[in-house]
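> Have a look at the structure that comes next, please.
The values are calculated or read from the model by the stated rules, or taken from the named source; none is laboratory data. All of these numbers come straight from a predicted model, not from anything done at the bench. Because the Cβ atoms are built from the backbone with ideal geometry, glycine has one as well, and the counts that use them run over all protein chains shown. Keep in mind that these areas ignore ligands, DNA and RNA; they rest on the heavy atoms of the full protein, side chains included. Shrake-Rupley method; radii C 1.70, N 1.55, O 1.52, S 1.80 Å.
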Amino acid sequence: MHSTNLLLEEPIRMASILEPSKPTFFPAMTKIVGTLGPKSRSVEIISSCLESGMSVARFDFSWGDAEFHQETLENLRAAVKKSKKLCAVMLDTGGPELQVVNKSEHPISLQADALVVLTPDQDKEATPNLLPINFSGLSKSVKKGDTIFIGQYLFTGSETTSVWLEVTEVKEEDVVCLIKNSATLAGPLYTLHVSQIRIELPTLTDKDKKVISSWAVRNKIDILSLSYTRNAEDVRHAREFLSKLGDLNQTQIFAKIENVEGMGNFDEILGEADGIILSRGNLGIDLPPEKVFLFQKAAVHRCNMAGKPAVVTRVVDSMTDNLRPTRAEATDVANAVLDGSDAILLGAETLRGLYPVETISTVGKICAEAEKVYNQDVYFKRAVKCVGEPMTHLESIASSAVRAAIKVKASVIICFTSSGRAARLIAKYRPPMPVLSVVIPRLKTNQLRWTFSGAFQARQSLIVRGIFPILADPRHPAESTNATDESILKVALDHGKTAGVIKPHDRVVVFQKVGDSSVVKIIELEN
């Protein structure tokens, strides 16, 4: 599983590129987030997605009702039991998304150089000359010369299904636009995006709050993807809202960066959020094409140095309809891994794509190949330098555990944790071997009932590169005043052997708290 120390900076035998890759229990260290929907909601398909490498299931509430998503989630739970693969649940809010409403669902053909009117009157029928929208404040937000984009699924870039508009006139609540390219819009809803213009709507809408208060609470979601995050206050507001909803006070918030406002406030957002999702569909509209890669690299680097997960979207759009990605897309996935991304998020490819399982499998294989040539040594030195001195006790021990594992060529790092923080710190230093995170539940009480924490923390680590969690028996203590608890270590070792990442005579690095101290042990296994 771990790196063969092959680096892109060194000569590579071309013949070695053609050698088949060995299948492994963990398809890749980089995680895959799959969006579940019409083409990927049966128990059979979801089971296959889990087997192929999906570790986080995303439920996109910008479409579909709670009942539809609940049925899908019940199927996910059945698939988890069937496949014995742990999976986290991510809820993606709709946010202040503007949409064109086509109640008739008839295709609408728009011709280049013609005029079309955007109106907030949703009672009117959508035609090639008139498009109803779900926002009454557009006329107050735009001016002549502004650019508006309309597409079926967050900007596929296909010129037959997406259209560019230029504002020519504002008439009271209506906005008159010149159509820049011919396109056919098909389906009931299309997303509308105004380039580099702030829309005066709350980031966490009333509709989002209703969904979270009901569906999310009922299902104890692990991660909230906060769409259209524009500043740190958006994250604080969402966290305050979650804190009042029982178990959701443990839910992590991932800020979804989708426009130049969020990009401009990136550092403060990163400081407040638990992770970042780079929504390159919307960003690709707000940013000039030649600037997109710069933002991706800078943003992922900042996430890496902060030890927070970075998730990249929109990598294999063509696999929505095709069995193979384009060469550019395959390279894009690999570059996201080499940049340091923790996870790849698949949207339309698994939501309504024809090949959800094959897409997950293909992306996982590309990630695994890129990980083989990831320059961990350069990354490690950069991460240590960025932290500076003095390091915290825990960070020092975590980085030492990774250094020791590399020096002794350990097959895995086993980390005992209750909050998951220690495992995330180890993963921050990108060890080339898997981190088996043994999450030991803690017994807690709110004076009304006793509960075990741990399940949230185990599932939440499924979006972090390199961490593979195991939820331990709650009777085992997270800390020990004696040596490492042999029985729980045996469980972790047996899991590693079953996964095929631990073999006889391998060396294993163990990270555990003993009393008030954190210790790193090196164990050499016998037969």
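> Would you please list the contacts, defined by Cβ atoms under 8 Å and residues six or more apart or on different chains, that run from a residue in the stretch 35-49 that is closer than 11 Å to residue 355 by Cα to a residue that is modelled with pLDDT of 95 or more and surrounded by fewer than 19 Cβ atoms within 10 Å (Cβ to Cβ)?
39/45
> Which one is most open to solvent (accessible area, probe 1.4 Å), of the residues in the stretch 223-273 that are in a helix (DSSP H, G or I) and among the aromatic types (Phe, Trp, Tyr)?
Among them, the one singled out is 241.
> Follow-up question, since we're still on this one. Which of the residues that make up the stretch 284-299 are closer than 17 Å to residue 264 by Cβ and of a type in the set (A, V, I, L, M, F, W, C)?
Matches in the stretch 284-299: 285, 287, 292, 294, 295, 298, 299.
> For residue 342, indicate whether it is surrounded by 18 or more Cβ atoms within 10 Å (Cβ to Cβ), at pLDDT 95 or above and of a type in the set (Asp, Glu).
Considered against the rule, which asks whether it is surrounded by 18 or more Cβ atoms within 10 Å (Cβ to Cβ), at pLDDT 95 or above and of a type in the set (Asp, Glu), residue 342 comes out as yes.
> For the stretch 301-315, state whether one or more residues are modelled with pLDDT under 95 and either farther than 24 Å from residue 460 by Cα or among the β-branched types (Val, Ile, Thr) (or both).
Yes, the stretch 301-315 contains a residue that is modelled with pLDDT under 95 and either farther than 24 Å from residue 460 by Cα or among the β-branched types (Val, Ile, Thr) (or both).
> Please tell me if residue 427 is in a helix (DSSP H, G or I), under 23 Å from residue 463 (Cα atoms) and in contact with an Asp or Glu (Cβ under 9 Å, 6 or more places away or on another chain).
The answer is yes for residue 427.
> Same structure again: Just to verify a result, which residue in the stretch 479-493, among those that are open to solvent by 20 Å² or more (accessible area, probe 1.4 Å) and either touching a helix residue (DSSP H, G or I) at 6+ places or on another chain (Cβ under 6 Å) or of a type in the set (A, V, I, L, M, F, W, C) (or both), is modelled with the highest pLDDT?
That would be 493.
> Looking only at the stretch 505-516, which residues are open to solvent by 50 Å² or more (accessible area, probe 1.4 Å), more than 12 Å from residue 410 (Cα to Cα) and either free of Cβ contacts under 8 Å to residues at least 60 places away in the same chain or part of a helix (DSSP H, G or I) (or both)?
516
> Output the residue which, of all residues in the stretch 156-182 that are assigned to a loop (DSSP other than H, G, I, E, B) and closer than 16 Å to residue 136 by Cα, is modelled with the lowest pLDDT.
172
> Which one is surrounded by the fewest Cβ atoms within 10 Å (Cβ to Cβ) among residues in the stretch 202-222 that are hydroxyl-bearing (Ser, Thr, Tyr) and closer than 20 Å to residue 269 by Cα?
My answer is 205.
> Scan the stretch 312-320 and tell me whether some residue there is surrounded by fewer than 20 Cβ atoms within 10 Å (Cβ to Cβ) and outside any helix (DSSP H, G or I).
no
> Further question on the same structure: State whether the residues of the stretch 373-387 include one that is of a type in the set (Asp, Glu), part of a helix (DSSP H, G or I) and surrounded by 15 or more Cβ atoms within 10 Å (Cβ to Cβ).
No, the stretch 373-387 has no match at all.
> Does residue 203 qualify as being at pLDDT below 85 and either of a type in the set (S, T, N, Q) or touching an Asp or Glu at 6+ places or on another chain (Cβ under 8 Å) (or both)?
When the stated conditions are applied, residue 203 does not pass them.
> Answer yes or no as to whether residue 386 is in contact (Cβ under 8 Å) with a residue 12 or more places away in the chain and in contact with a Ser or Thr (Cβ under 8 Å, 6 or more places away or on another chain).
no
> Of all residues in the stretch 276-293, which are of a type in the set (A, V, I, L, M) and modelled with pLDDT under 95?
Those that are of a type in the set (A, V, I, L, M) and modelled with pLDDT under 95: 283, 285, 287, 292.
> Still on this structure, I have one more. Looking at the structure I just gave you, is residue 25 open to solvent by less than 40 Å² (accessible area, probe 1.4 Å), at pLDDT below 95 and out of contact with any Lys or Arg (no Cβ under 7 Å at 6 or more places or on another chain)?
no
> In the stretch 290-349, how many are without any contact (Cβ under 8 Å) to a residue 24 or more places away in the chain, within 20 Å of residue 161 (Cβ to Cβ) and not charged (D, E, K, R)?
Summing the residues that are without any contact (Cβ under 8 Å) to a residue 24 or more places away in the chain, within 20 Å of residue 161 (Cβ to Cβ) and not charged (D, E, K, R) in the stretch 290-349 gives 3.
> Given the stretch 49-120, what strands (runs of 3 or more DSSP E) lie entirely inside it while holding 3 or more residues that are surrounded by 21 or more Cβ atoms within 10 Å (Cβ to Cβ) and of a type in the set (A, V, I, L, M)?
Where strands (runs of 3 or more DSSP E) fall fully within the stretch 49-120 and carry at least 3 residues being surrounded by 21 or more Cβ atoms within 10 Å (Cβ to Cβ) and of a type in the set (A, V, I, L, M), they are 54-60, 88-92.
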